[in-house]
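The values are calculated or read from the model by the stated rules, or taken from the named source; none is laboratory data. Just so it is clear, the structure is predicted and the values come from calculations on it, not from any experiment. Heads up, the Cβs are rebuilt from the backbone with ideal geometry, glycines too, and the neighbour counts pull from every protein chain shown. Side chains included, ligands, DNA and RNA excluded: accessible areas come from the protein's heavy atoms. Shrake-Rupley method; radii C 1.70, N 1.55, O 1.52, S 1.80 Å.
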Amino acid sequence: MVDRDGARYLCRLSAGPPVNRHRPSVDVLFRSVAQKVGPNAVAAILTGMGDDGARGLKEMLDAGAATVAQDEASSVVWGMPGAAVKHGGVREVVSLERMAEALLRLAAASGDTASSGTRMGAIG
């Protein structure tokens, strides 16, 4: 989980119950980023099985964060990014080859509009 201490962001591990059968869970991470970082965050969800991260990514997008998912063609398994697209939590879908470019562009745009001047990237 991401937490905030003044102007600093902290990462905290939780011994709580698994979420989506996982601990750590991408949904828990993304949900905490939505709550603590909001529009200053940029997140990507990459190839993987299941739907862990899809709901949290939607919460991030709803909080004003920039979100991106790996496209189906470049994914080994389009489970996680596909679920995120299906849940409506993805602003952009890009190939793995274009992911770094997209993240840098979205982070720069986030920095242009962020009122606090702090940014955080979360990659799940």
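Miscellaneous remarks
- Pairing residues of the stretch 1-26 that are without any contact (Cβ under 8 Å) to a residue 24 or more places away in the chain with residues that are open to solvent by less than 70 Å² (accessible area, probe 1.4 Å) and of a type in the set (Asp, Glu), at Cβ distances under 6 Å and at least 6 apart in sequence or on separate chains, gives Leu10/Asp3; Arg12/Asp3.
- Residue that is least open to solvent (accessible area, probe 1.4 Å), among those in the stretch 7-17 that are under 20 Å from Ala54 (Cβ atoms) and out of contact with any Pro (no Cβ under 9 Å at 6 or more places or on another chain): Gly16
- Residues in the stretch 20-41 that are small (Gly, Ala, Ser) and in contact with a strand residue (DSSP E or B) (Cβ under 8 Å, 6 or more places away or on another chain) were compared, and the one that is surrounded by the most Cβ atoms within 10 Å (Cβ to Cβ) is Ala41.
- Hits in the stretch 24-66 (condition: more than 15 Å from Arg4 (Cβ to Cβ) and among the basic types (Lys, Arg)): Arg55, Lys58
- Selection count, the stretch 35-77, where residues are free of Cβ contacts under 8 Å to residues at least 24 places away in the same chain and closer than 13 Å to Ser110 by Cα: 0
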